[in-house]
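Novice: Take this structure, written in structure tokens, and hold onto it; I'll ask about it next.
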Amino acid sequence: GAVVSQHPSWVICKSGTSVKIECRSLDFQATTMFWYRQFPKQSLMLMATSNEGSKATYEQGVEKDKFLINHASLTLSTLTVTSAHPEDSSFYICSARVGVRGAGNQPQHFGDGTRLSIL
Amino acid sequence: AQSVTQLGSHVSVSEGALVLLRCNYSSSVPPYLFWYVQYPNQGLQLLLKYTSAATLVKGINGFEAEFKKSETSFHLTKPSAHMSDAAEYFCAVSLYQGGKLIFGQGTELSVKP
């Protein structure tokens with residue numbers, strides 16, 4: 001149980017295009033999902049917390065107009081990298097917390113990540 | 001503020017040897033602590049978690065970790081390494097179990113035959 005699916009797993013696109021990454025909780029509902037970014041051989045950095053039905057909370061230094069997050073349902077959050085450039089190339093990972101509101105004592109479950117390469 | 005420090009970015013052990021991955025934390029409140037494993041080009045899998053219950057926590061794949069408040073440590077151990085344990089390991093801290101995670105720098109574990 002508690003499976004999180006990310007799509008696509010790998011994407012290559014030209015500079016200037018926008019890329020959408022989907023994060024789905026397959027067998028549970030999640031009011032809260034998290035988006036992380038990971039550079040090669042480095043740790044995960046939290047980009048934003050995605051809350052169903054409300055605006056995402058971005059971490060300091062993350063451009064909210066650059067990384068658009070939508071959490072329209074209890075099982076789906078999307079991250080759109082707008083006008084992507086080579087410096088946006090990275091491994092993006094989402095996680096979802098089991099349960100609806102008030103489930104702060106449930107752990108996060110991670111997707112398999114999306115490798116984004118901008119040419 | 002919370003933070004995590006993992007000592008050693010790379011650890012190499014022989015198959016069958018003890019695995020010890022070190023993690024020290026800083027937290028102004030009682031922390032929730034986690035160990036995750038990451039295989040190449042994959043997401044993170046939860047190995048174990050400390051949530052203020054037992055200080056010795058047993059996880060999957062034979063791993064365990066001990067919470068030591070006096071040392072602010074949460075080291076990960078496994079008595080006998082297996083080749084399949086080769087991966088990147090991350091220690092993380094949060095204010096509560098479902099809260100945002102602050103990750104350490106990661107430790108790459110290599111297992112020699």
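Novice: Test of understanding: among B:G62, B:G16, which residue is at positive phi, at pLDDT 95 or above and out of contact with any Ser or Thr (no Cβ under 7 Å at 6 or more places or on another chain)?
Specialist: B:G62
Novice: Also, quick follow-up: What residue, of A:A96, A:A48, A:A84, A:A30, is within 13 Å of chain B (Cβ to nearest Cβ), among the aliphatic types (A, V, I, L, M) and farther than 27 Å from B:Q6 by Cα?
Specialist: A:A30
Novice: Here is a follow-up. Determine which single condition B:L18 fails, assuming it passes every other condition in (1) in contact with an Asp or Glu (Cβ under 7 Å, 6 or more places away or on another chain); (2) more than 14 Å from every other protein chain (Cβ to nearest Cβ).
Specialist: (1)
Novice: Same structure, new question: Being within 23 Å of B:Y32 (Cβ to Cβ), touching a residue at least 40 places away in the same chain (Cβ under 8 Å), surrounded by 19 or more Cβ atoms within 10 Å (Cβ to Cβ) and not hydroxyl-bearing (S, T, Y) is the requirement here; does A:Q6 meet it?
Specialist: Spelling it out, it is not the case that A:Q6 is within 23 Å of B:Y32 (Cβ to Cβ), touching a residue at least 40 places away in the same chain (Cβ under 8 Å), surrounded by 19 or more Cβ atoms within 10 Å (Cβ to Cβ) and not hydroxyl-bearing (S, T, Y).
Novice: Oh, and also: Would you point out which residue out of B:L48, B:L21, B:L109, B:L101 is closer than 30 Å to A:H7 by Cβ, at pLDDT 95 or above and not aromatic (F, W, Y)?
Specialist: Within the list B:L48, B:L21, B:L109, B:L101, the selection yields B:L109.
Novice: Which residues, taken from the stretch B:1-40, are exposed (fewer than 15 other Cβ atoms within 10 Å of the Cβ) and outside any strand (DSSP E or B)?
Specialist: B:A1, B:G8, B:S9, B:E15, B:G16, B:A17, B:L18, B:S28, B:V29, B:P30, B:Y39, B:P40 - these are the residues of the stretch B:1-40 that are exposed (fewer than 15 other Cβ atoms within 10 Å of the Cβ) and outside any strand (DSSP E or B).
Novice: Same structure, new question: Any idea which residue in the stretch B:86-113 is surrounded by the fewest Cβ atoms within 10 Å (Cβ to Cβ), counting only those that are away from chain A (no Cβ under 11 Å), among the small types (G, A, S) and in a strand (DSSP E or B)?
Specialist: My answer is B:S110.
Novice: Return the residues of the stretch B:93-113 that are more than 16 Å from A:E59 (Cα to Cα) and of a type in the set (K, R); say none if nothing qualifies.
Specialist: Correct list: B:K112 only.
Novice: Could you list, in sequence order, all residues of the stretch B:54-85 that are surrounded by 18 or more Cβ atoms within 10 Å (Cβ to Cβ), away from every other protein chain (no Cβ under 14 Å) and of a type in the set (A, V, I, L, M)?
Specialist: B:A65, B:L76, B:A81
The values are calculated or read from the model by the stated rules, or taken from the named source; none is laboratory data. From a predicted model like this one, the values you see are computed outputs, not experimental measurements. Quick reminder, even Gly has a Cβ in these numbers, built from the backbone with ideal geometry, and neighbours come from all protein chains shown.
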